[in-house]
Each structure stands twice: as structure tokens, then as C-alpha cells.
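The structure appears right after this line, and notes come after that.
What follows is calculated from the coordinates using simple rules that are stated; it is not laboratory data. This is a predicted model, so every value here is computed, not measured. Note that each Cβ is placed from the backbone with ideal geometry, even for glycine, and that neighbours are counted across all protein chains shown.
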Amino acid sequence: MRVALGCDHGGFPLKATVIAEIERLGHEALDKGTFSDAAVDYPDFAEAVGLSVRSGEAQRGIVLCGSGVGASVAANKITGVRAAVCHDTYSAHQGVEHDDMNVLTLGARVIGPEVAIELVRAFLSARFSGGERHVRRLNKVLAIEARFAGEEGKING
């Protein structure tokens, strides 16, 4: 599996650990940056990962930032991306199995390297169940996404 990976400066300390685990599991890591701990904006890297997943260049994505929250919010703005911040293994695999989550976001200031490794394993080993209730719910999510596709918003201030 090809896994797109991106991070901002807050996620940079976990990046090498996550790439090593992706590759140890036999997957290909597509590094979308950042390439140093200099301050950068998380939406740029969440977008790069999300677009990689949307286009099919990667089957899954992982984005690292300080909390994982901003990266999750940004990645979810891309049609076809279903991202969630997960800091426990149950959510990391269940998000794929029940919700067809395709992007995992992690907070490098919230978890350490060992937990990150466990989460990457849980996320990448999981498969969407295809169960009737999960398909029905996913179709409802996709319908919401379709209704709001193309709407743009900007906060003034």
C-alpha cells in the first residue's frame, strides 16, 4: 500500500518514526513534507496528503501536527477524504473498519513514538468491513459531502 505522509513543524519530531513503521510493515511511504522543524502551516501538508489520497496516488494518508486536530479539520475539507485524529488503537482501526477512514491524523505533542507506532499499525492493518449498516452510514456521509461540495467559506477577521 502507498501511504502519503505529511507534517508541520509540530509533527516533525514523529515523522521519521512513522515513516520507519510504514516501511517496516511493507508499505511505501510518500513523503509530502515538511522537511525540517522550521515553522510552517499545517493546512498545506494536510492538503498535500489529502490530494494524494483523493487522486489515488496513495491508498491511505497520515498527517502529523501538534495536536492532530488542525490537520484533521483541514484534510476533511477535501472531497473523498475521511480523516480523524486518533490517539487510541481502537479508534485507529475502527475508523477504517466502520467509517472507511482513509487519513489518520496524530498529535505529536499528545502522543509519543511508541503510541504512534501502535496507531500506525492499527490504521494500516484495518480494512473497511463492507457491512450493510456501515455501507448505509458511509453513503449518508457521502451524500452530505456531495450536498456541500463546492461551497467555499472564509472567516473574516
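Residue by residue, here is whether (1) hydroxyl-bearing (Ser, Thr, Tyr); (2) touching a Gly at 6+ places or on another chain (Cβ under 6 Å); (3) in a loop (DSSP other than H, G, I, E, B) holds:
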| residue | (1), (2), (3) |
| --- | --- |
| 47 | no, no, no |
| 51 | no, no, no |
| 58 | no, no, yes |
| 61 | no, no, no |
| 72 | yes, no, no |
| 79 | yes, no, yes |
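If I go through region 1-32 residue by residue, how many of them are in contact (Cβ under 8 Å) with a residue 40 or more places away in the chain, part of a helix (DSSP H, G or I) and under 16 Å from residue 119 (Cβ atoms)? Lay out the reasoning, then the answer.
Keep residues of region 1-32 that are in contact (Cβ under 8 Å) with a residue 40 or more places away in the chain, which gives 1-8, 10-15, 17-18, 21-22, 25, 27.
When the remaining residues are screened for being part of a helix (DSSP H, G or I), the result is 12-15, 17-18, 21-22.
Then keep just the ones that are under 16 Å from residue 119 (Cβ atoms); that gives 13-15, 17-18, 21-22.
Number satisfying all stated conditions: 7.
With respect to the conditions (1) of a type in the set (Val, Ile, Thr); (2) surrounded by 15 or more Cβ atoms within 10 Å (Cβ to Cβ); (3) more than 14 Å from residue 50 (Cβ to Cβ), residue 144 falls short on a single one, namely (2).
The residues of region 104-124 that are surrounded by 10 or more Cβ atoms within 10 Å (Cβ to Cβ) and either assigned to a loop (DSSP other than H, G, I, E, B) or free of Cβ contacts under 8 Å to residues at least 40 places away in the same chain (or both), listed by number, are 108, 109, 110, 111, 112, 115, 118, 119, 122. Looking at region 54-61, is at least one residue within 9 Å of the chain's Cα centre (by Cα) and basic (Lys, Arg)? So far as region 54-61 goes, yes, one or more of its residues are within 9 Å of the chain's Cα centre (by Cα) and basic (Lys, Arg). Taking residue 35 and the conditions (1) buried (at least 24 other Cβ atoms within 10 Å of the Cβ); (2) in a loop (DSSP other than H, G, I, E, B); (3) not acidic (Asp, Glu), which numbered condition does it fall short on, given that it satisfies the others? It is condition (1) that residue 35 fails.
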